[in-house]
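Everything on this sheet refers to the single structure shown next.
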């Protein structure tokens, strides 16, 4: 009996332990890193974009585990990039890690050589073992494949709809959205916007959808374009427009939770295929980071099984590119399905190269249709 | 190293005086150098960089006209310019005469609760434009607007009565935001500085109240009216929030939203193209400077002199009608946004009674449990209170110099102030960042509260200097001359004579700059650090977050700013009345 009690207590204690405690490498290099990071005491992080801003609760686990404080700032990427680059000109290096969208990093931080080689910072075998990652590799969103690490992705949902006005079975493909029935009944953010590009550009490059679909959508469907996602999603929720597209999903989800008849995704994949979008699930370390050891420890923890589990719990609607994280707390529609045939644009060099060109072509289509 | 000094003695002609620069020349030179550096240098930097098509921050240079060509080659740019002029002309055509009438009613007639009503225009000005627009959208949306829904219950109404998503709706939203309240706020103190004997003389000559207003009061108010009009004109391209929310869905685009998009929604920000578009403001300023100098210099506008007698006119039977009209306008300007802001903060989704649960304390809990909030509150209070105290003192003295002293460089200094409006806030903040980063000896300011204080104190310079100038133009020289003849020093005369007379303007500028400092975003966003974050920057962070409750949370932060400003305004007005000249 006593043995049983001891055994069950031991099992309970094991279950209560944070997963990281057992997973952390037990090497002299790792021990030295932890010691040096503790001496630095903090890591300065920018959280830019929708997904990163939700990550705050995840940091408590890292702080508790290593005694290193995570100081974070939120806000728009552009303003942060302007400030950070100006600081660096002054010889001030105040930022360690940037969690956010790839656009600002690609057009501001990367060309200005403000980023450190990310691949060289990864030392935890649990992280470096690429067999535990989606498609058996690490995903980088920069042309050299070394600086901007993509840690998460989810199937893209471009369509929200009013559940009282739309039967989701009527929309099985993007072609269905060109049905005259929906003329004047779609509200959307502009697909040519940088913010919506992550989901619209893969559609534009998908031969089954492509430029022609966008041209017809813009010219034939009398779409109402908004610049405020909340305004657009509220219009769908109250039935002013049955369908909302491009960038309205986060607000639609919030409205759904507040009891409005709106759904932020269709219950089935679109016929033209599903796109995996990394949104703002990227991580970079700044060159000459003020807390280099804390930064290194932080990124290794973030990409470990425990770190990724904490991240996707906090992010709520973003799956990890690690294949070994538990997914049961993640809604099914946001999970990366192991056998699905996804379009994966974020680490595709062709996509990265052509993104600006595609956005410019989309912008031209929108302008030709009378949108500015 | 040894050096040899050769003294050259020049023969002095009998009777010739050695030319020593006077103190005035020295003071003017310092002012021109300081404000020239602060205002003109960042503008020059931005302009030079607008021709640089290489990496701006990286310090690479490759000059061409590409940015300018691209900016003006955008399809629909002329149309959007026309739309901007249309909207500006429409709301100015309504708001300007209406503001003049309201200011006259409040300041020159025996209106009940005139001080309280005037204060409510201040409150309206303090409320964020976005909140006012959203508040009116909830009432006038053609689909779900409360007033439209209510009206359609009437038997003879088919379809929505109002549509806020229209040009008329945009003009109306501007009027309800601050197009009217700002003008009333700026004009009323000037109307109070009026000698009743001038109006009495008109009446003795047989003129009625209206004729007296048109023939006597308004002509002597020209300096204040010209300044208020021109201050609005140079900011024609600054407004974008209202047009973005109400104009985009109906494909009505204005010039300012294009500038905003280039700076905020383009990767990397297209500062060069934005500068090219914003340069139109400089053309307006180039026209304004000589026009304003000509208008104000062609005649005498003194309304306060040694025989100054304050007083107001009784409109008789028309007085209650005027009171009702002003009360109605004040209610329109304040009730909707205050209800939206305050009521919305307790609703799961502001304005939506269908949400479950309808009411919540969650947004308040989120704000009050954010540790950064209290830090931001403290920083904002320090910034805003310093600005409210320092800026009126500095700018009243500069205005005094510009109006009363004929020192060389007078016109240059005045022009520098006008040029400060040449670049919208979102670009001037960047110019200032470049100045701080690129000037040896200034870089230590970066990220400190000192740079924020300098920016917020100086950001209201144009309005402050021009309003003080119009106040000084109203005042006769005789009182100061009498004081100086009796042996009073300049400082004694300034504090004992000028200060009480300009007290209403002092209070007005103090509050105005407090409001600007507390609400500053684009001018300080690139200069603040996490330790010096302000409430308005925190609100902006919440607004840019995609969370469903972000707008309500940002609204609560705005409420704190409004409450802080209102509290200070009440104290400042009381103080102003104590030191100022009583008009009743």
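Scoring A:232-243, A:268-279, A:353-364 by mean Cβ neighbours within 10 Å over their residues and listing the highest first yields A:232-243, A:268-279, A:353-364. Rounded to the nearest 500, the 222 nm mean residue ellipticity of chain B from helices alone is -20000 deg cm²/dmol, with -39,500 (n - 2.57) taken per DSSP H run of at least 4 residues. List residues of the range A:132-169, by number, whose backbone nitrogen lies under 17 Å from a label position 7 Å along Cα→C-beta of residue A:30. Residues passing the 17 Å test: A:132. Once you order the gyration tensor axes a ≥ b ≥ c over the Cα atoms, which shape class does the range B:21-137 get: rounded for a/c under 1.5, otherwise prolate or oblate by comparing a/b with b/c? In terms of gyration-tensor shape, oblate.
Can you figure out the FRET efficiency of residue B:486 with residue A:119, using R₀ = 51 Å and their beta-carbon distance, to the nearest 0.05?
0.05
Listed by Cβ neighbour count within 10 Å, with the fewest neighbours leading, A:305, A:64, A:296 appear as A:64, A:305, A:296.
Computed from Cα atoms alone, the Kirkwood hydrodynamic radius reported for the range B:148-228 is 16.2 Å.
Modelled this way, with points 7 Å down the Cα-to-C-beta line, the labels at residue A:60 and residue A:323 are 3.3 nm from one another. Between residue A:129 and residue B:321, the modelled label-to-label distance comes to 8.8 nm, taking each label 7 Å out from Cα in the direction of the beta carbon. Here the gap between residue B:161 and residue B:283, fully extended at 0.36 nm per residue and compared with their Cα-Cα distance, gives a gain of 39.9 nm.
Peptide A:69-81 has a mean shielding of 5, counted as Cβ atoms of other protein chains within 10 Å of each residue's Cβ. Among B:265-276, B:345-356, the peptide with the highest mean count of other Cβ atoms within 10 Å heads the list, and the full ranking is B:265-276, B:345-356. The mean count of C-beta atoms from other chains within 10 Å of the C-beta of residues in B:66-75, rounded to a whole number, is 1.
The Cα atoms of chain B cover 97, 73, 47 Å along the three principal axes, with the biggest extent listed first. Counting every pair of alpha carbons in the range B:380-443, the share spaced more than 13 Å apart comes to 75 percent. For chain A, the longest principal axis of the C-alpha atoms and the axis of helix A:210-220 are separated by about 50°.
Between residue B:147 and residue B:54, the FRET efficiency estimated from the beta carbon spacing at R0 = 60 angstrom works out to 0.65. In terms of packing, defined here as the mean over residues of other Cβ atoms within 10 angstrom, the peptides A:26-35, B:92-101, A:283-292 line up highest first as A:283-292, B:92-101, A:26-35. Take every Cα pair under 8 Å whose residues are at least 6 apart in sequence, average their separation, divide by the length of chain A, and the relative contact order is 27 percent. From the Cα gyration tensor of the range A:311-372, with a ≥ b ≥ c the square roots of its eigenvalues, which class applies: rounded if a/c is under 1.5, or else prolate if a/b is larger than b/c, or else oblate? Judged from the Cα gyration tensor, the range A:311-372 comes out prolate (a/c at least 1.5, a/b above b/c). Residues A:371, B:61, arranged from fewest to most other Cβ atoms within 10 angstrom of their Cβ, appear as B:61, A:371. Full extension of the segment from residue B:404 to residue B:566, taken as 0.36 nm per residue of separation minus the current Cα-Cα distance, would add 55.0 nm.
Where does the protein assembly as shown land on Rg/Rh, using Cα atoms and the Kirkwood Rh? For the protein assembly as shown, the value is 1.01.
How many times 2.2 N^0.38 Å is the alpha carbon radius of gyration of the range B:79-123?
For the range B:79-123, the normalised Cα radius of gyration is 1.58.
Give me the one-decimal Kirkwood hydrodynamic radius in Å for the range A:93-158, with the sum taken over alpha-carbon pairs. The Cα-based Kirkwood calculation yields 13.3 Å.
From least to most packed, judged by other beta carbons within 10 angstrom and beginning with the fewest, B:228, A:127, B:571 follow the order B:571, A:127, B:228. Mean per-residue shielding of peptide A:83-91 is 6, counting Cβ atoms of other chains within 10 Å of each Cβ.
Readers should treat all values here as calculations from the given coordinates under stated rules, not as data from a laboratory. These numbers come from a predicted model, not from an experiment. So basically every Cβ, Gly included, is an ideal-geometry build from the backbone, and we count neighbours across all protein chains shown.
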